[in-house]
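> First the structure, which I've put down as structure tokens, then a few questions once you've had a look.
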Amino acid sequence: MEDSQVNLFVHRENQLWAQKKRQLPVTLVTGFLGAGKTTLLNNVLSNKHNLRIAAAVNDFAERNIDAQIIKKNRDHGDVVELTNGCLCCSISSELKTAVWNLLQQADIGKIDYLMIETSGVTDPLATIATLEQEYGKMYRIRLDAVITVVDTDALVAGMDSGCEGESKLRSAAADSQLQCADVVLLNKKDLVSEQQLSRAQDFISKLVPGAQVYSCKKCAVPLHYLMEVQEATSSRQVVSHEVVEAAYTISQIGGSMNQERQRRLKEKGIAASFTHIEQDEFSSFVFESQRPFRLGDFEAFLGKKFPRGVTRIKGTVWFQENRSCLYSFHMSGRQRYELTPCASAGESLVGAFSIQLVVIGRSIEPSEIQTTLENAVVPQPYSGEPYLSPVPVEAVIESARSLVEADSRFDLVACETLYIDFRLTGCIEYGITVQEAESVHGINMGKMNLDLATRVNGSRLPVCVIPVLLPTGLQVCRYAAHVDAPFDTLWNVVTEIAGKLIVDYYRAVAYCKCGM
């Protein structure tokens, strides 16, 4: 009788406490290096609609580049930075403190949902165990889903190589990330064929039974794939052409997305482990410089001088050949590059023009990478004037000029001592001028050339161009001469991609010259 009364009092107390202290729903985002986790968080924070979503970001490096990327152009209060280490091990207490602080904000209605991004080499098992604790600071957390982002292109490469088991995933941590998944996002589907994508889906479905598997490009997926939310329904039937922002409601209970994961881990006897990072032997290195790269030497670094064991590079770079622009740089997957211009220093990740690169890999040699990159920046003191390479490049420039001028689909915009500028127009194939293409047919030459640079840099070959917006308003591709980055190799890639872009951008022109 006495025990029953105590239980009644406890039950009543819990009910009253629950009214005051609600649980904060959480989605954990994991995935191997370069799979697209930060892109996913950026998408969510850009398309959260009526939801108030906070993000906690961990990075396996001295500099938390991922957190800086997400903070860019956002309210910094939305992003909690968890630094330098494996989320499951070294900063467990920091995670608890960060979540507890967010819970205090949630009490006054500032936060509806929390998304936590782990580093690419994190085994998420212990993090999941921490988030599912029913005592201490974590008792008010409700872990709704574990999302694992997969680089489909890299996975397909592992499958095609004939590797078995974990070797297809490139890491023991990557295997654990998949075993813990409630939802698997096969990202970068645009880099593989339909047949390859189907094979990847079958592989993941067998490896992670019960998990929801979705394919996507740049991690663009609906919110209800990632969290326990539903789009609010309205009884009003209104016909309108206006775009109305979606409204979402959050499940009051949760648990519908993670039941299969809990069953799967229990059946396989998988428990929290802290050993994967040491087994994988990943380490990181940060290179910083207030002086710009010489573009040709940077291209050589990405090609013949690319360091052994490097899996991921990310950060900011700038070049003496375009001192007015800062670029964000990413290397991931099968050595694909992304070089995205920032409009001004105020939009940079660091607040000023500088090089800040995080290099991650297995058994890397920091001193070797430091020396190679240091040799690629202009020497001190840097006056802002172009630094001429001691290696003659006149023959390389002349060869590049000849190749561009010989292809009527391109315009040679500039031919300087160190570099050339060219742009794709494609007008000659349709018998129209550039002005007609832009004004009559609505073809965006600037976007077409940005697409050209993006696809060339992502081609998986050791070639690179930088997209440059000239003061005249022309968008061009810039190549800097270097003996270890020959233009003919680059040009073969450029011309192949150009043919596909012309077909896409001039699709309407073939039917009617009026553009209708």
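The values are calculated or read from the model by the stated rules, or taken from the named source; none is laboratory data. Predicted model only: the values in this text are computed from it and were never measured. We place every Cβ from the backbone using ideal geometry, glycine too, and count neighbours over all the protein chains shown.
> State all residues of segment 470-485 that are within 16 Å of Phe410 (Cα to Cα) and either assigned to a strand (DSSP E or B) or within 24 Å of the chain's Cα centre (by Cα) (or both); if no residue qualifies, say none. Show your work before the answer.
Narrowing segment 470-485 to residues within 16 Å of Phe410 (Cα to Cα): 474-479.
The answer is Gln475, Val476, Cys477, Arg478, Tyr479.
> Across segment 24-55, which residue is farthest from Trp100 (Cα to Cα) among those that are among the polar types (S, T, N, Q) and without any contact (Cβ under 8 Å) to a residue 40 or more places away in the chain? If you could, list the steps in order and put the result at the bottom.
Start the filter on segment 24-55 by keeping residues that are among the polar types (S, T, N, Q), which leaves 27, 30, 38-39, 42-43, 46-47, 50.
Keeping just the survivors that are without any contact (Cβ under 8 Å) to a residue 40 or more places away in the chain gives 42, 46.
On the way: Asn42: 23, Ser46: 25 Å.
Ranking the candidates gives Ser46 first.
> What do you reckon, is Val456 surrounded by 22 or more Cβ atoms within 10 Å (Cβ to Cβ) and in contact with a strand residue (DSSP E or B) (Cβ under 6 Å, 6 or more places away or on another chain)? Steps first, answer last, please.
Details: surrounded by 22 or more Cβ atoms within 10 Å (Cβ to Cβ): yes; in contact with a strand residue (DSSP E or B) (Cβ under 6 Å, 6 or more places away or on another chain): no.
Taking the combined requirement at face value, the residue does not satisfy it.
> How many of the residues making up segment 290-328 are crowded, with 19+ Cβ neighbours inside 10 Å, among the small types (Gly, Ala, Ser) and within 26 Å of Ile420 (Cβ to Cβ)?
4
> Under 6 Å between Cβ atoms, at least 6 apart or on separate chains: pull out the pairs that start in segment 282-298 with a residue that is more than 25 Å from Leu33 (Cβ to Cβ) and end on any residue that is aliphatic (A, V, I, L, M) and in a strand (DSSP E or B).
Within 6 Å, the pairs are Arg291/Val377; Leu295/Ala480; Gly296/Ala480.
Residue by residue, here is whether (1) farther than 13 Å from Tyr479 by Cα; (2) touching a Cys at 6+ places or on another chain (Cβ under 8 Å); (3) polar (S, T, N, Q) holds:
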| residue | (1), (2), (3) |
| --- | --- |
| Ser399 | no, no, yes |
| Glu405 | yes, no, no |
| Cys415 | no, no, no |
| Ile420 | no, no, no |
| Arg423 | no, yes, no |
| Tyr430 | yes, no, no |
| Val434 | yes, yes, no |
| Ala437 | yes, yes, no |
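> Same structure again: Quick check, is Ile443 part of a loop (DSSP other than H, G, I, E, B) and buried (at least 22 other Cβ atoms within 10 Å of the Cβ)? Outline the logic, then answer.
Numbers: part of a loop (DSSP other than H, G, I, E, B): yes; buried (at least 22 other Cβ atoms within 10 Å of the Cβ): yes.
When the stated conditions are applied, Ile443 passes them.
> Search segment 90-112 for residues being within 27 Å of the chain's Cα centre (by Cα) and hydrophobic (A, V, I, L, M, F, W, C), and hand back the single one that is modelled with the lowest pLDDT.
Ile91
> Counting only residues that are among the charged types (D, E, K, R) and in contact (Cβ under 8 Å) with a residue 12 or more places away in the chain, which one in segment 473-496 is farthest from Phe319 (Cα to Cα)? Give the steps one after another, and end with the answer.
Pass one, segment 473-496, residues among the charged types (D, E, K, R): 478, 484, 488, 496.
Adding the requirement that they be in contact (Cβ under 8 Å) with a residue 12 or more places away in the chain leaves 478, 484, 488.
Values: Arg478: 11, Asp484: 18, Asp488: 22 Å.
Residue satisfying both the conditions and the ranking: Asp488.
> Going by what's in this entry, would Ser439 be described as more than 29 Å from Ala154 (Cβ to Cβ) and not assigned by TED's automatic domain parsing to the domain that holds Cys342?
Working: more than 29 Å from Ala154 (Cβ to Cβ): yes; not assigned by TED's automatic domain parsing to the domain that holds Cys342: yes.
So Ser439 passes the test.
> Considering every residue within segment 459-469, establish whether at least one is part of a helix (DSSP H, G or I) and over 13 Å from Gly303 (Cα atoms). Lay out the reasoning, then the answer.
From segment 459-469, those part of a helix (DSSP H, G or I) are none; that's our starting set.
Among the residues of segment 459-469, not one is part of a helix (DSSP H, G or I) and over 13 Å from Gly303 (Cα atoms), which makes the answer no.
> Please determine, by comparing only the residues of segment 441-492 that are modelled with pLDDT of 85 or more and of a type in the set (Asp, Glu), which one is nearest to Ala400 (Cα to Cα).
Here the residue is Asp488.
> Can you pull out the residues in segment 119-144 that are in contact (Cβ under 8 Å) with a residue 60 or more places away in the chain, in contact with an Asp or Glu (Cβ under 8 Å, 6 or more places away or on another chain) and either surrounded by fewer than 18 Cβ atoms within 10 Å (Cβ to Cβ) or farther than 22 Å from Glu260 by Cα (or both)?
Kept after step one, since they are in contact (Cβ under 8 Å) with a residue 60 or more places away in the chain, are these residues of segment 119-144: 119-129, 131, 140-144.
Applying the additional criterion that residues be in contact with an Asp or Glu (Cβ under 8 Å, 6 or more places away or on another chain) yields 119, 121, 141, 143-144.
Matches in segment 119-144: Ser119, Val121.
Rundown of residues vs (1) at pLDDT below 85; (2) aliphatic (A, V, I, L, M); (3) in contact with a Lys or Arg (Cβ under 7 Å, 6 or more places away or on another chain), yes/no style:
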{"residue": "Leu33", "(1), (2), (3)": "no, yes, yes"}
{"residue": "Leu41", "(1), (2), (3)": "no, yes, no"}
{"residue": "Leu45", "(1), (2), (3)": "no, yes, yes"}
{"residue": "Asn50", "(1), (2), (3)": "yes, no, no"}
{"residue": "Phe60", "(1), (2), (3)": "yes, no, no"}
{"residue": "Ile70", "(1), (2), (3)": "yes, yes, no"}
{"residue": "Asp75", "(1), (2), (3)": "yes, no, no"}
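> Which of the residues that make up segment 134-161 are within 30 Å of Ile111 (Cβ to Cβ) and either outside the structural domain of Gly255 (by TED's automatic domain parsing) or among the acidic types (Asp, Glu) (or both)? Break it down into steps so the answer makes sense when it comes.
To start, the set of residues in segment 134-161 that are within 30 Å of Ile111 (Cβ to Cβ) comprises 134-150.
Correct list: Glu134, Asp144.
> Within segment 214-249, track down each residue that is modelled with pLDDT under 85 and of a type in the set (A, V, I, L, M, F, W, C).
Residues satisfying the conditions are Ala232, Val238, Val239, Val243, Val244, Ala246, Ala247.
> Right, another one. Answer yes or no: is there a residue in segment 113-128 that is over 19 Å from the mean Cα position of the chain (by Cα) and either assigned to a strand (DSSP E or B) or under 25 Å from Asp190 (Cβ atoms) (or both).
yes
> Looking at (1) closer than 26 Å to Asp153 by Cα; (2) surrounded by 14 or more Cβ atoms within 10 Å (Cβ to Cβ), which one does Val468 not meet, given that it meets all the others?
(1)
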